[in-house]
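A short reminder: the numbers here are calculations on the coordinates, not readings from a lab. Because the structure is predicted, anything quoted here is derived from the model rather than measured. Here the Cβ is made from the backbone with ideal geometry for all residues, glycine too, and neighbour counts use every protein chain on show.
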Amino acid sequence: MNRKLLALAPLLVFVLLCVFLYQGLFANPRELQTGRIGQAMPAFNLPDLMDESKRWTDADLKGEVYLLNVWGTWCPTCLAELGYLTELREQGVKIVGLYYEQGYDPDFDGQFDINALREDVTSMLNRAGDPYQFNILDLKRTLALDLGVSGAPETFLVDKQGTILLHHTGDINPRVWRAKFAPLMQELQ
Amino acid sequence: MIPELGYFSLTLAMVLSVLLCIFPLWGAHTGNLRLMRAAPSLAIGQFVFVLLSFAALVYASLTDDFTVSYVAYHSSSTLPWYYKITSTWGGHEGAILLWLVMQAGWTAVVAMRSQSLPWVLRARVLGVLGFLGVGFMLYTLLMSSPFERLLPYFPVEGRDLNPLLQDPGMIIHPPLLYMGYVGLSVSFSFAIAALLTGKLDNTWAKWSRPWTMTAWGFLTLGITIGSWWAYSELGWGGWWFWDPVENASLMPWLVATALLHSLSTTEKRGVFKSWTVLLAIAAFSLSLLGTFIVRSGIIVSVHAFASDPNRGMFILAFLAIVVGGGLSLYALRVSQVKSEGRYKFASREVALWLNNIFLVVATLIVLLGTLLPMIHKELGLGSISIGEPFFNKMFAILLVPFAILMGMGPLLRWKQNKWSMLQNKFALSAVVSLVATAAWLYSSYDVIAPITFIATALAVWIVVTTVVDLAAKVTIHKTLGEGFKRLGLSYWAMVLGHVGLAFVIAGVTLTSAYSVERDVSMKPGDTVALNEYQYRFDGVKSIRGANYSGHAGVVTVLKNDKQVTVLHAEKRRYDIGMQFMTEAAVDAGFTRDLYLALGEQLSQGAWSLRIYHKPYVRWMWLGGILISLAGFLVLGDKRYRQKSTKQEASA
């Protein structure tokens, strides 16, 4: 009897493993639990996208509930969500852009053509809508790294005390807004 | 037209493999010799058609046929011809097709080299291999065909092969690894065939052993080349990252290593029979599991986008059928098996049993470390990551008893030993190892950490005991020449394998302990000293390759004012996709590597450079190559080449 049970053991272990693998297959790997949630916004001191003499720090943002939206002109999904984000702005949601430049490598490319980028940004926002109070330029991607950004678009919901409440990967559309953001926003009001 | 022929050819191969699965297994079940006899020709036919299909993809890639989606995504017209060929396994669909070529190839070779087997066993082995072929071909045809067209709108230029894969190491790494993975399916088929036949005797082990050894040799070489590629291509001098993809190849390797040792015990002594069968099933299962983990997107790095759950579903179902089926059969049959041999505690049997235990524990550690983050998340406990420190610590702990035992094992005899006769040999070897290690390390380095000393001493211990054993075995005979002649090839394989691992241990230990790196900012003409070498920066020049442009930092390396070498550390920017690649410059040496990577341009003509001095890093790969040679050596063993089936009587 014992021998038979022992002979069955590998099969049972394997079946258990399969159950986990099966569940893992349908778990959304994009559902990131970055561990940033519940923590304070990392400290930063970065220039404004449109005016490098103007600098933004984490202290400037305290005292208000806002969305930090990571985006770039190179990112088609970002273009797609601009319209809905603009609607949200009109409803009174404060949205701050964190501009994430993909094509530029600080190690390699030397001087960055900021004027060309500003033209791109202006034309895109004129076309698709401008949801942003202002944009922070994170050329070396230090803040993006601190936040655990894995791509664009991604959006963080931050409360008055500067605590990150939500980290969403992918675009924001009415469905996502109702399911994930709206309940939290209501609590905060 | 050609790609469609490729797809059609694969369909034909699939039909043949369905027949290969049904005819021989049914024939073996009913005792119909005619059905069984069909197996070898079906196996060879299957291989021919899979090969034709692969040739079609290579042709599409060489002729820049960007109407084929796979070619458009993984190749470009500016790619050198040899990378056009390797681009056929640079992506998922093509890699699976290459896997199929290997699978069918192994099956064909088994068909041709198994005349000495009884028909019932031969037919079952080929039938099981046919079944595996059906699974993979079905997957390719339904889920991941590399022959899909992008019509009517196709790009005029391809997206190019990922620059990371444009490296000689990448040309040979995947085929070798797949040879290993797929080769283990032969061990698996032998195990299943033996279970089906119900004869788990030592003849089974004897037949399975050379196949397992060869597959293991390929796997070892594949992993070694992969590590070397990571070192030379990723630009920061690392050689092993404990990343899920690497772990996926390490797990089957560990189990296959256990399997080899267990097979030899079963073959020679008739013990551990059921355990050996289980290991054979486990080794291939872990190859499949590795494929599942890597290909299903179940474990993703932050940059892995779109992975298709349908593909994962198929592989999981296939995994469940193959492994679940194998283990069920095992559960049904194995309780009838009885061990024949008897042995005492101080015996080679026990040493090999412990060896197996350590290897299996190591495998479980890797498996847990790889899957735990996923399971943890599913249980709702949040995301965790298990990284290098965990694996390094666990392996360091396991290494000590494992290496001590590895030195002792070969000196032990089967059945039982008188401890008093061994005492002196072990004591002498231990003293020699400690003295030699102390002499070596204290003459080279000022600071020696205890763990460095222990690990190095263990490597030396393995070499010393191997030499002691070799000397004892050679001097038994009248002349040395005769002594050497009498040693079989499998003995030499053991020597190579063990000494190879000693090299790996020493290489890993010393390079981890004594690598030095410096980040410097240099202007042309500046000199920096690191250990006994001086590095003179001669400036940066522009470079232009077939499909990239960039800069190369030229650095002259001097030792005592004599020029050692000139290194060109490159930074490339690939034309398509605008990807940047660091191409490190390496001056390889037996006792040290000088490794140089070019960083960013700073102000006023200065550049940042990273310089590494890596002692004994080559020993790791040298060791890996020695170990894989051990696997291939057994192929030449006369005992495995005899064609008669009379061996059963003498075994």
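Could you please report the charge total around B:Lys425, scoring K, R as +1 and D, E as -1 over all other residues with beta-carbon less than 13 angstrom from its beta-carbon?
Computed value for this residue: +2.
In peptide B:326-335, how many Cβ atoms from other protein chains are near each Cβ within 10 Å, on average?
Average neighbour count from other chains, rounded to a whole number: 5.
Taking a virtual spin label 7 Å from the Cα of B:Ser542 along the C-beta vector, which residues in segment B:550-592 bring their backbone nitrogen under 20 Å of it?
B:550-555, B:568-583
What FRET efficiency would be calculated for the residue pair B:Lys344, B:Ile375, taking the C-beta separation as r and a Förster radius of 51 Å, to the nearest 0.05?
Taking R0 as 51 Å, the efficiency between B:Lys344 and B:Ile375 is 0.80.
Scan chain B and note any complete DSSP helix (H) whose C-alpha atoms cover at least 24 Å along its axis and whose Kyte-Doolittle average is 0.5 or more. Provide the component values of the computation, followed by the final result.
On the way: long enough: B:2-30 (42 Å, 1.44); B:39-62 (34 Å, 1.85); B:92-112 (30 Å, 1.24); B:119-142 (33 Å, 1.63); B:168-197 (45 Å, 1.36); B:202-233 (45 Å, -0.13); B:244-269 (37 Å, 0.15); B:273-296 (34 Å, 1.38); B:309-333 (35 Å, 1.26); B:348-378 (43 Å, 1.26); B:388-408 (30 Å, 1.46); B:419-444 (37 Å, 0.88); B:450-475 (37 Å, 1.72); B:489-514 (37 Å, 1.44).
Result, helices passing both filters: B:2-30, B:39-62, B:92-112, B:119-142, B:168-197, B:273-296, B:309-333, B:348-378, B:388-408, B:419-444, B:450-475, B:489-514.
Mind ranking A:6-19, B:12-25, B:363-376 by how tightly packed they are, going by the mean number of other C-beta atoms within 10 angstrom, highest first?
Sorting A:6-19, B:12-25, B:363-376 by mean packing, highest first, produces B:12-25, B:363-376, A:6-19.
Helices from chain A with mean Kyte-Doolittle at least 0.5 and a Cα length along the axis of 24 Å or more, per DSSP H: which?
Once both thresholds are applied, what remains is A:2-26.
Only Cα pairs under 8 Å and at least 6 apart count here; give the relative contact order of chain A as a rounded whole percent.
Values: 254 pairs, mean separation 57.1, N = 189.
Dividing the mean separation by the residue count of chain A yields 30 percent.
Ignore the peptide's own chain and count Cβ atoms of other chains within 10 Å of each Cβ in A:4-16; give me the average, rounded.
5
I'd like to compare B:219-232, B:549-562: which one has the highest average count of other Cβ atoms within 10 Å, and what's the full order after that? Walk me through the intermediate numbers first.
Working: B:219-232: 23.1, B:549-562: 15.9.
Most protected by this proxy first, the peptides run B:219-232, B:549-562.
Mind jotting down the three principal axis lengths of chain B based on Cα atoms? Whole angstrom, largest first.
83, 77, 57
Choose one answer from A:Asp130, A:Asp51, A:Asp171: the residue with the largest mean-square fluctuation in a GNM of chain A with alpha-carbon springs under 10 Å.
A:Asp51
Rounded, prolate or oblate: pick one for chain A, where a ≥ b ≥ c are the square roots of the eigenvalues of its C-alpha gyration tensor, a/c under 1.5 means rounded, and failing that, prolate if a/b is larger than b/c, else oblate.
prolate
Mind giving me the FRET efficiency for B:Tyr59 and A:Ile37? R0 is 51 Å, r the Cβ-Cβ distance, nearest 0.05 is fine.
0.45
Across all directions of projection, what mean area in square nanometres is found for the Cα convex hull of segment B:112-264?
Details: hull surface 49.5 nm².
So the mean shadow area of the Cα hull is 12.4 nm².
Express the relative contact order of chain B as a whole percentage, based on alpha carbon pairs under 8 Å and six or more residues apart in sequence. Provide the component values of the computation, followed by the final result.
On the way: 1130 pairs, mean separation 78.8, N = 651.
Rounded, it is 12 percent for chain B.
How do B:152-163, B:448-459 rank on mean C-beta neighbours within 10 Å, highest first?
In descending order of packing, they fall as B:448-459, B:152-163.
Give me a single rounded figure for B:313-324: the average over its residues of other chain Cβ atoms within 10 Å of their Cβ.
Rounded to a whole number, the mean comes out at 3.
Taking Cβ-Cβ under 4.7 Å as the only way to count a partner, pick out the unpartnered cysteines of the protein assembly as shown.
A:Cys18, B:Cys21
Please list, by residue number, everything in segment B:43-86 whose backbone N is under 12 Å from a paramagnetic label point 7 Å out along Cα→Cβ of B:Phe154.
Residues B:60-73 fall inside that zone.
Could you tell me whether the protein assembly as shown comes out rounded, prolate or oblate from its Cα gyration tensor? Rule is a ≥ b ≥ c as square roots of the eigenvalues, rounded for a/c under 1.5, then prolate if a/b exceeds b/c, otherwise oblate. Intermediate results must be reported in sequence, preceding the final value.
On the way: a/c = 1.85, a/b = 1.42, b/c = 1.30.
The shape class here is prolate.
Using helices alone, I'd like the mean residue ellipticity at 222 nm for chain B: each DSSP H run of four-plus residues gives -39500 (n - 2.57), total over residue count, nearest 500. Walk me through the numbers on the way to the answer.
Details: 20 runs with 409 residues, N = 651.
So the calculated ellipticity at 222 nm is -21500 deg cm²/dmol.
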